[in-house]
Amino acid sequence: MATYSTNEFRSGMKVMLDGDPCNILENEFVKPGKGQAFNRVKMRNLKNGRVWERTFKSGESIEAADVIELDMEYLYTDGEFWHFMKTDDSYEQVAADQSAVADSENWLKEQEVYQVTLWNDDPIAVTPPNFVELEVTDTDPGLKGDTANGGTKPATLSTGATIKGVPLFINIGDVLKVDTRTGEYVSRAKT
Amino acid sequence: MSNWRPLASIEHLKQRAELLAQARAFLVARDVIEVQIPALARDSITEPDVQSIEVPGYGYLQTSPEYQMKRLLAAGMPSCYQLGPAFRHGEQGMLHNPEFTMLEWYRLGFDHNQLMHEVADLVDVLLGPKPYQRLTYEDVVGKSKGRGRDALDLAFAEACERLTPGRFFITDYPADQAALARINPDGQTAARFELVIDGIEIANGYWELLDADEHRQRFKIDSEIRQQRGLPAMAVDEAFLAALEHGLPECAGVALGFDRLVMLGGGAKALSDVMAFRGS
């Protein structure tokens, strides 16, 4: 199994920590002039998204994680798994479970491309694009002509997700651009 | 296209030039004379936590001018300083670079307390006057007894980072971290100090150990630690020991990381903001 020494650590490198694959975010060299050298490393646990900070003695090695990130097209869900297909014309598919899809479930739209993180060929995370366009399936009736007033309301989207901060003039059937990082309304999509 | 531009802004580099000139003027006005020590020499230091860059066939790039400057002092050189490059293998980060600029000076007849005053005077000239607080090593990390050296080094590094804002002299290091400082009369602590400014280690000074046998003993411990850790063996610098046997005058000395000072002076966050270029 490949290992990385602290002096090879770079942001974006995938390593194993406590049995979970992690993505290195930051690597800081810490050393008192007359003391031991350390690397203080921030990494994101790729399974649960949590950020961990660990300090290693410089020169220590940790195991590399076999992690790749692929752009894949979302196909459908069978209720238990969410199926994605490679975009390289191989038609190869993977099935992601609930823990991999997690909150991204709110933004899954068929034929849209998502980033799927594979660890030892198993999907462990699904990242949506920063913006998706989704149709409104339910919201209070729109107020005609009210485009300037600052009032907002919630709206339910085709994925089942409910977003807040939607302007009052939005109607059922409108397509909205949503920021998936914040879960907030951005604009009405041009149709 | 290759990125040929300097890392630092021209403004920062002009400020560096001004600080270099001010530091020299400060020392010269106090009759501390400039010396030039070769950056490349046959031997280097045994310290297990400082790694030298070897130049095959020639020796090592010097991690500090300490041994050669002490050879000058033993030969009759008065109080003197060197402002020039120093090299350390494997040190790279926001506050580290394998090549950096060190200001090191020795004061005949001074002890570490007198030298701390002088360091504060110099920093006041370079960065503007501010108050200094004095803390012992124990104030900074708590009792060191029974704690491993690794744990202590990390605790110390992290505690220093929290010493911000402000200027702090840390004194009374444990005797096993004396480096080349003499041991205090209590037998437990060393006559060593460090200056930390806004959480960044800036200078390290000693009331210098003079005894040649004690040096030999400390180098032997260094070599044993090197062996335990699987680090390259370093030959003891016999010319340095011979100079000590001849006799080093009573003195105190300090080494100051000049780039870090320039960084603080310019309000920069990383060494690379005040360095023209980076070798690697």
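So the values come out like this:
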| quantity | calculated |
| --- | --- |
| Residue match in segment A:128-149 (condition: out of contact with any Asp or Glu (no Cβ under 9 Å at 6 or more places or on another chain), assigned to a strand (DSSP E or B) and under 23 Å from A:Asn48 (Cβ atoms)) | no |
| Residue satisfying all of: in segment B:166-183; assigned to a helix (DSSP H, G or I) and not acidic (Asp, Glu); nearest to A:Lys34 (Cα to Cα) among these | B:Gln177 |
| Number of the exception - B:Ala190 against (1) farther than 23 Å from B:His96 by Cα; (2) within 12 Å of chain A (Cβ to nearest Cβ); (3) at pLDDT below 95 | (3) |
| Residues of segment B:123-149 classified as within 14 Å of chain A (Cβ to nearest Cβ), within 19 Å of B:Asn113 (Cα to Cα) and open to solvent by 40 Å² or more (accessible area, probe 1.4 Å), total | 0 |
| Candidates A:Arg188, A:Arg181 - the one that is farther than 25 Å from A:Asp20 by Cα and among the charged types (D, E, K, R) | A:Arg188 |
| Residue match in segment A:109-130 (condition: of a type in the set (Lys, Arg), closer than 21 Å to A:Thr156 by Cα and outside the structural domain of A:Lys153 (by TED's automatic domain parsing)) | yes |
| Every pair of residues 6+ apart whose Cβ atoms lie under 8 Å, when the first sits in segment A:47-74 and is within 14 Å of another protein chain (Cβ to nearest Cβ) while the second is in a loop (DSSP other than H, G, I, E, B) and surrounded by 14 or more Cβ atoms within 10 Å (Cβ to Cβ) | A:Lys57/A:Gln36; A:Lys57/A:Ala37; A:Ser58/A:Lys31; A:Ser58/A:Gln36; A:Ser58/A:Ala37; A:Ser58/B:Gly90; A:Gly59/A:Ala37 |
| Criterion (among the acidic types (Asp, Glu), modelled with pLDDT of 95 or more, open to solvent by less than 50 Å² (accessible area, probe 1.4 Å) and under 20 Å from the mean Cα position of the chain (by Cα)) met by exactly one of B:Glu47, B:Glu91, B:Glu34 | B:Glu47 |
| Residue list for segment A:15-46, filter: part of a loop (DSSP other than H, G, I, E, B) and more than 14 Å from chain B (Cβ to nearest Cβ) | A:Asp18, A:Gly19, A:Leu46 |
| Close pairs from segment B:28-52: first in contact (Cβ under 8 Å) with a residue 60 or more places away in the chain and under 12 Å from B:Asp237 (Cβ atoms), partner in a loop (DSSP other than H, G, I, E, B) and open to solvent by 80 Å² or more (accessible area, probe 1.4 Å), Cβ under 7 Å, at least 6 apart | B:Ser52/B:His89 |
| B:Met116 being within 14 Å of chain A (Cβ to nearest Cβ) and crowded, with 18+ Cβ neighbours inside 10 Å | no |
| Residue within segment B:35-51 that is more than 14 Å from chain A (Cβ to nearest Cβ) and in a strand (DSSP E or B) present | yes |
| Residue satisfying condition, being among the aliphatic types (A, V, I, L, M), within 14 Å of chain A (Cβ to nearest Cβ) and not in a helix (DSSP H, G or I), within set B:Leu163, B:Leu152 | B:Leu163 |
| Identity of the residue in segment B:60-88, within 14 Å of chain A (Cβ to nearest Cβ), in a loop (DSSP other than H, G, I, E, B) and closer than 27 Å to B:Val125 by Cα, that ends up most open to solvent (accessible area, probe 1.4 Å) | B:Ser64 |
| Segment B:50-59, subset open to solvent by less than 70 Å² (accessible area, probe 1.4 Å) and on the phi < 0 side of the Ramachandran plot, residue nearest to the chain's Cα centre (by Cα) | B:Val50 |
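The values are calculated or read from the model by the stated rules, or taken from the named source; none is laboratory data. Just so we're clear, the structure is a prediction, and the values are computed from it rather than from any experiment. Please note: Cβ atoms are built from the backbone with ideal geometry, for glycine as well, and neighbour counts cover all protein chains shown. With ligands, DNA and RNA removed, areas are computed over all heavy atoms of the protein, side chains included. Shrake-Rupley method; radii C 1.70, N 1.55, O 1.52, S 1.80 Å.
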